[in-house]
Amino acid sequence: PGEVRSKPMTVLQWEKLSMGKLAHTLWGDGGSDGGARGAAGALEKLMEPGRAFEIDISALEGRFARPDPSARFRRGESDSSDRSTVGSADGGTPRARVSLLEPKRSTSVGIVENKLRGALGGKPLRDAVLEVDESLLTQDTLKMALSAVPTTAEQALLLAFQGEPSTLDRPEQLLRSLCGIPRLEGRIHAMIFKAQLEPDMDELLRQVDSLKAACEAVQGSAELQALMQIVLHIGNALNAGTARGNAAGFRPSALLKLAEHKAADKKTTLLHYTVEVVQTNAPKVRRVTALLPTLAQASRVSLEELRAKSADLARGMDQVERELTALEEAAEKEEERREALHREAMEAWSAAKERRDEARRRHREGRAAARASEGGGGGGGGGGG
């Protein structure tokens, strides 16, 4: 690989790896058998018996020699294009209505109110939220409801209204009906999380399984490792005598460059040449195509999106936990309030009972005194006769 080519070659622009960076790679101890020989050993096992790997250097130079500058012709660049941005005018026209809300806010809430009325089948949003009616409060409906949560300022404004609530416009009536629900925004967020938790978890686990299957398939494929070794041989032969030559390995991103690296005929690429080398030296390597379905499925998984979704799920669980804690605390306070009211009622009932008993006692005493008085008066009259 350190030799110099007989003519200037087009260089494969890969990111090569030195011997010190081969640990845990296909060329180091990360191969299918975990052996020290890695991809080189895998290629050797897949070679035809008694055959040594070789590259036809003269054919390589003939196909990927750098073009003679004197034979080039200049071509004008005509593929530039002017781009214009067409602005779009805001076609929305705010409704001219008497409203406590700002016109823009009233319009947006009015749109949401109309959609919610249809989605809830006429059932008030307040009732659906308090009852946690999952048959009506779908994920889309909850997201719409979230935009109708009144702000602190809106709550103060709407609750201060002294007129008949039915005289308010529909957007104001909707927001005013929601003002009495404690922790409304947190509740809706928790309900949205609950609605999407199961499908999100299913999708997350499916993506994780795809990545796991792809990693296991790649790590266990001797054909893939042999193919990588062949690409390494070809790249080193092509880059001989340059700073990118004599590589011990390369970054996987170099594989994308194989189809971009044009031959001198401008029709074939280094990828075509690699296929020819595989067919000539180790036809068994072609079995690497069995990996394609597994890798294609895993290639659609974004690690960044996977991490973001996992973080969203963790935040959602925290949100639900906070809401449950708040509800428990509110329930405890409500229970304490009910117990206090019960005690007060019992004390008042006891006091009333005592007063009733006292009144009855005095009534009995009064009647007894009256009868005694009547009896004493009757005896005195008879003696006088």
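The values are calculated or read from the model by the stated rules, or taken from the named source; none is laboratory data. None of the values given here were measured: they were computed from a predicted structure. In this analysis, Cβ positions are derived from the backbone assuming ideal geometry, glycine residues included, and neighbour counts consider all displayed protein chains. Side chains included, ligands, DNA and RNA excluded: accessible areas come from the protein's heavy atoms. Shrake-Rupley method; radii C 1.70, N 1.55, O 1.52, S 1.80 Å.
Any residue at all in segment 336-344 that's open to solvent by 90 Å² or more (accessible area, probe 1.4 Å) and outside any helix (DSSP H, G or I)?
No, that holds for no residue.
Could you check residue 199 against (1) surrounded by 12 or more Cβ atoms within 10 Å (Cβ to Cβ); (2) modelled with pLDDT under 90 and say which number it fails?
(1)
Conditions (1) of a type in the set (A, V, I, L, M); (2) assigned to a helix (DSSP H, G or I), marked per residue:
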site: 115; (1), (2): no, yes
site: 118; (1), (2): no, yes
site: 122; (1), (2): no, no
site: 129; (1), (2): yes, yes
site: 134; (1), (2): no, no
site: 137; (1), (2): yes, no
site: 140; (1), (2): no, yes
site: 153; (1), (2): yes, yes
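Please list, ordered by first then second residue, the pairs with beta carbon atoms under 9 Å, 6 or more apart or interchain, first in segment 36-56 and open to solvent by less than 80 Å² (accessible area, probe 1.4 Å), second among the acidic types (Asp, Glu) and not in a loop (DSSP other than H, G, I, E, B).
As it stands, the answer is 42/223; 46/223; 53/44, since those pairs meet every condition given.
Just give me the residues in segment 145-175 being more than 13 Å from residue 113 (Cα to Cα) and of a type in the set (Ser, Thr, Tyr), in sequence order.
151, 152, 166, 167
Considering segment 173-184 alone, what residues qualify as being closer than 12 Å to residue 151 by Cα and touching a residue at least 40 places away in the same chain (Cβ under 8 Å)?
At the first step, the residues of segment 173-184 found to be closer than 12 Å to residue 151 by Cα are 175-176, 178-179, 183-184.
Answer for segment 173-184, where residues must be closer than 12 Å to residue 151 by Cα and touching a residue at least 40 places away in the same chain (Cβ under 8 Å): 175, 178, 183, 184.
Taking the condition of being assigned to a loop (DSSP other than H, G, I, E, B), over 21 Å from residue 62 (Cα atoms) and open to solvent by less than 50 Å² (accessible area, probe 1.4 Å), how many residues in segment 235-267 meet it?
Adding up the residues that qualify gives 2.
Please state which of the following conditions residue 98 fails to meet, knowing it meets all the rest: (1) closer than 20 Å to residue 168 by Cβ; (2) of a type outside the set (Gly, Ala, Ser); (3) at pLDDT 90 or above.
(3)
Taking segment 251-283 only, how many residues are more than 20 Å from residue 64 (Cα to Cα) and either under 42 Å from the mean Cα position of the chain (by Cα) or among the β-branched types (Val, Ile, Thr) (or both)?
Counting residues in segment 251-283 that are more than 20 Å from residue 64 (Cα to Cα) and either under 42 Å from the mean Cα position of the chain (by Cα) or among the β-branched types (Val, Ile, Thr) (or both) gives 3.
Find the residue count for segment 175-186, including only residues that are in a helix (DSSP H, G or I), in contact with a Pro (Cβ under 9 Å, 6 or more places away or on another chain) and open to solvent by 10 Å² or more (accessible area, probe 1.4 Å).
Of segment 175-186, the ones in a helix (DSSP H, G or I) are 175-178, 184-186.
Imposing the further condition that a residue be in contact with a Pro (Cβ under 9 Å, 6 or more places away or on another chain) reduces the set to 175-178, 184.
Remaining after also requiring open to solvent by 10 Å² or more (accessible area, probe 1.4 Å): 176-177, 184.
Number of matching residues: 3.
Can you find a residue that is modelled with pLDDT of 90 or more and over 18 Å from residue 228 (Cβ atoms) anywhere in segment 276-295?
yes
Please go through segment 155-172 and pick out each residue that is part of a loop (DSSP other than H, G, I, E, B), without any contact (Cβ under 8 Å) to a residue 24 or more places away in the chain and among the hydrophobic types (A, V, I, L, M, F, W, C).
The first filter runs over segment 155-172 and keeps only residues part of a loop (DSSP other than H, G, I, E, B), leaving 160-164, 168-169.
Narrowing further to those that are without any contact (Cβ under 8 Å) to a residue 24 or more places away in the chain: 160, 162-164.
Once the filter is applied, which keeps residues that are part of a loop (DSSP other than H, G, I, E, B), without any contact (Cβ under 8 Å) to a residue 24 or more places away in the chain and among the hydrophobic types (A, V, I, L, M, F, W, C), segment 155-172 yields only 160.
Kindly establish whether residue 264 is at pLDDT below 90 and in contact with a Lys or Arg (Cβ under 9 Å, 6 or more places away or on another chain). Spell out the reasoning first.
Values: at pLDDT below 90: yes; in contact with a Lys or Arg (Cβ under 9 Å, 6 or more places away or on another chain): yes.
Yes; evaluated as a whole, the condition is true for this residue.
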